[in-house]
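Presented below is the structure to which this report refers.
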Amino acid sequence: MTTRKKAPAKKAPPKKQAKAAAKRKTRPTPARKAPDRSGAVAAEEAAKRAAEVTASNSADLISHPASQHGAEGAIPVAGVDEAIADAVKSGYDVLAQSIAQGREAAARFRQGEYNMREVPKDVETAAKRVIDLARQISVTTFDLCEEMLGQIGKVTGGPPPPGEVASGLPPFRNLEPAKQGGPAGGLGAAPPSHRTIEGMVLSVEFTGPPAKSLTHHLARPDNPTSPDQISAAPLQSRHPGADAIPVARFSVDFSRGGLLAHIDVPKGQKPGIYAGLVFAEGQDIPLGTLVIEVEG
Amino acid sequence: MGAEAATTFAPAQGGLPKHLLERYAKATREQLEFYLDPPSDAPFLDALLEDYPARGGKMLRPSICIANACQFGGSLEGAVKCAAAIELLHNALLIHDDVQDGSDMRRGRPTLHALHGIPLAINAGDALLFTAFRPLLDAIAPLGGEAARQVIDVTIAMARQTAEGQALELGWRDHNVTDLCAADYIGMALKKTSWMGMIWPAQLGVIVGGRGKVDPGRVVKFGHFLGVAFQIEDDLRNLSDDPGYGKEMNGDLYEAKRTLMLIHVLDAATRAERSRIEDFLALTREERSDDEVLWLAGLMEEKGSIEHARKVAAAMAGCALEEFERTYAGCPQDDNHAFLHGLVRWIFDRK
């Protein structure tokens, strides 16, 4: 609420005050001046809904939207059980982390396998990606399938009928050069190193008690971004009673061509692992999770 | 909207429009029959592939896909192959899950490995998994390059997330991890349940319906909270008198499954009680006695763990409702809309 201070000498009688208050036009204070990507806003809205559902102690309130829209927002967030509010926040936090990890995995995959611009009409590449999917779930029969699909580019007129495939295939596992760090093409093959190409090197400078960073790379922002447009949520520990550690600022690390985070670890900080999401301004998906260890 | 233009909203039990679910399930089953019809009967394989899909099922995941496709401009016909792929993949994973969990029953009948042995069951699961790619690739073909790329992208993401979730659940149990918090559980449920059961089907529907022009990330939040609420409610039902079709009461306790209730009771227990719980968790399934299982179930009730989980499930449902309105804002208010909205209520009302 925006209100103006008035001189105390001209204090109006209570009745007049009430009348004036009724006439006064007020404008709600803007909640923030910059985008809030912490998930707190969405969590707050969701917590209101959660309170409605919880308060009803049944699913009766969950009805068709036609009957639902009018009742929205009836219960204030203050009425939400703290543990439930925490659960809602956790719900949003774990989702954000998963999305960030997924983004990194996708970037790794793309960088390592092929140029994405070539993909759309490339059936062979699409098939390879399906095989990668299979690898994620099961290994038992897919070596053979991989072999078959690897031939798509070589066999014209579609795949041969069953039984005619084997004779036309080159020796097993000779299709591609061996991948780094594991058996060629097998489940244990390490993903090709891409981080320095697709990702961004992260260094962390600490002051205070000894600590080390367990995160060495972050995803690159989608748009041109200066260090002051990068921020991190306070680094939290999973253990109750450990205070969060703020990330003081980010700057450019010219020595390694990456990002440098500055963290002041408070004296007496509880030893352990602390983590927080890193965001770039104007981008909802986090660049990654900054994880540090405060040593005992 | 094509074939899925607005029709009269006819809520059925569980809040879902029954006729719509039946129509989508029927169309999906026809596709399953087509893709599971082999050119020849391979001994020890084809009969096993057809077993789980033939046992029925609500076809909820395929219906989520089709309803999303219709909400974003597509049709039943355009999405039904994706729906079939989802159901095939789901059944393939069920076969593997049953082996991993050592389950005896599935949909009221002995599990596939109980009937045919573990090696043949795993082989059938693998083959079913691969069979699922056929309708998926057939669905991709007419969509154009960008949509096809998106389908593969979201499928790979789902596979990774699902595998991670399953690994977490099995790893926690096998390594007897007890220092978990609610966020750990929610993260596991997101990966294990939400991605495969809710998010991926919805994403495929969005891509197919929108022909690659609608961001499939749009449905992630709704699916996430829907899946987490579903998983918590599922865990709660396991402790109830009615644990669900073909499921054993307190089966999760016998299996030492890390549920929200177990995490809560570990926190709320006294030192002596916690020590007793940890001793219980360290046993093998065969060593866990009925008495200890009943004691733990009673302690969960006494410490408010059941009530806490109920509240969190309701909170997740609240989040899902909130996200539903953001996700489907501007979409037609038809039966598909009602169906997707009704999923939140269905979590609690389902039989």
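Would you order B:LYS221, A:LYS267 from fewest to most other beta-carbon atoms within 10 Å of each residue's own beta-carbon? Mind dumping the intermediate values first?
Working: B:LYS221 25, A:LYS267 7.
Going from least to most buried by this count: A:LYS267, B:LYS221.
Helices in chain B, meaning DSSP H runs of at least 4 residues, each add -39500 (n - 2.57). Divided by all residues, the mean residue ellipticity at 222 nm is -22000 deg cm²/dmol.
The modelled label-to-label distance between B:GLU307 and B:LEU115, using points 7 Å beyond Cα along the C-beta direction, is 4.5 nm. Note on B:128-134: average number of Cβ atoms from other chains within 10 Å of each residue's Cβ is 4. If R0 equals 45 Å, the separation of the Cβ atoms of B:THR178 and A:ARG220 corresponds to a calculated FRET efficiency of about 0.70.
Taking 20 Å as the limit for the C-alpha separation, the pairs B:LYS26/B:LYS213; A:LYS89/B:LYS311; B:LYS257/B:LYS351 exceed it in the case of B:LYS26/B:LYS213; B:LYS257/B:LYS351. Neighbour counting of Cβ atoms within 10 Å sorts the residues B:THR270, B:THR111, B:THR327, fewest neighbours leading, into B:THR270, B:THR327, B:THR111. Gaussian network model of chain B, Cα springs within a sub-10 Å range: biggest mean-square fluctuation belongs to which of B:PHE230, B:PHE324, B:PHE34? Greatest mean-square fluctuation among the candidates belongs to B:PHE34. Among B:HIS224, B:HIS19, B:HIS96, the residue with the largest mean-square fluctuation in a Gaussian network model of chain B, with springs joining Cα atoms closer than 10 Å, is B:HIS19.
Taking the Cα centre of segment B:253-351 as the origin, how large is its charge dipole in debye, to the nearest 20, when only Lys and Arg (+1) and Asp and Glu (-1) carry charge on their Cβ atoms? Present the calculation step by step, with values, prior to reporting the outcome.
Values: 14 positive and 19 negative charges, 31 e Å.
Computed about the Cα centre, the dipole is about 140 debye.
Counting charges near B:LEU115 (Lys, Arg +1; Asp, Glu -1) among other residues having Cβ under 11 Å from its Cβ returns a value of -1.
Taken residue by residue and averaged, Cβ atoms of other chains lying within 10 Å of the Cβ of B:171-182 number 1. Relative contact order for chain B: 23 percent, from Cα pairs under 8 Å spaced at least 6 residues apart, divided by residue count.
Taking a ≥ b ≥ c as the square roots of the eigenvalues of the Cα gyration tensor of segment A:195-294, is the shape rounded (a/c under 1.5), prolate (a/b larger than b/c) or oblate? Kindly include the intermediate steps, with their values, before the conclusion.
On the way: a/c = 2.04, a/b = 1.64, b/c = 1.24.
It is prolate, given that a/c is not under 1.5 and a/b is the larger ratio.
Net charge of the neighbourhood of B:ARG134, taken over other residues with C-beta under 14 Å away and scored Lys/Arg +1, Asp/Glu -1, is -3. Working from label points 7 Å from Cα in the Cα-to-Cβ sense, the A:LYS270 to A:SER203 distance is 3.2 nm. Measuring from centroid to centroid over Cα atoms, what is the spacing of segment B:73-96 and segment A:221-293 in Å? Here the answer is 41 Å between Cα centres. This ranking places B:ASP104, B:ASP46, B:ASP334 by how few other beta-carbon atoms lie within 10 Å of each, fewest first, which gives B:ASP104, B:ASP46, B:ASP334. The distance from the alpha carbon centre of segment B:160-220 to that of segment B:281-325 is 20 Å, rounded to a whole number. Of the candidates B:ARG106, B:ARG271, B:ARG134, which one comes out as most mobile in a Gaussian network treatment of chain B with C-alpha springs shorter than 10 Å? Judging by the Gaussian network model, the answer is B:ARG271. Within chain B, the selection of entire DSSP H helices by a Cα span of 30 Å or greater along the long axis and an average Kyte-Doolittle value of at least -0.5 returns B:76-101, B:118-140, B:145-174, B:305-327.
Spin-label model, B:ALA282/A:VAL252: points 7 Å from Cα along the beta carbon direction are separated by 5.7 nm.
Every number here is computed from the coordinates shown, using simple stated rules; none is lab data. All of these numbers come straight from a predicted model, not from anything done at the bench. Cβ coordinates were reconstructed from backbone atoms using ideal geometry, including for glycine residues, and neighbour counts include every protein chain displayed.
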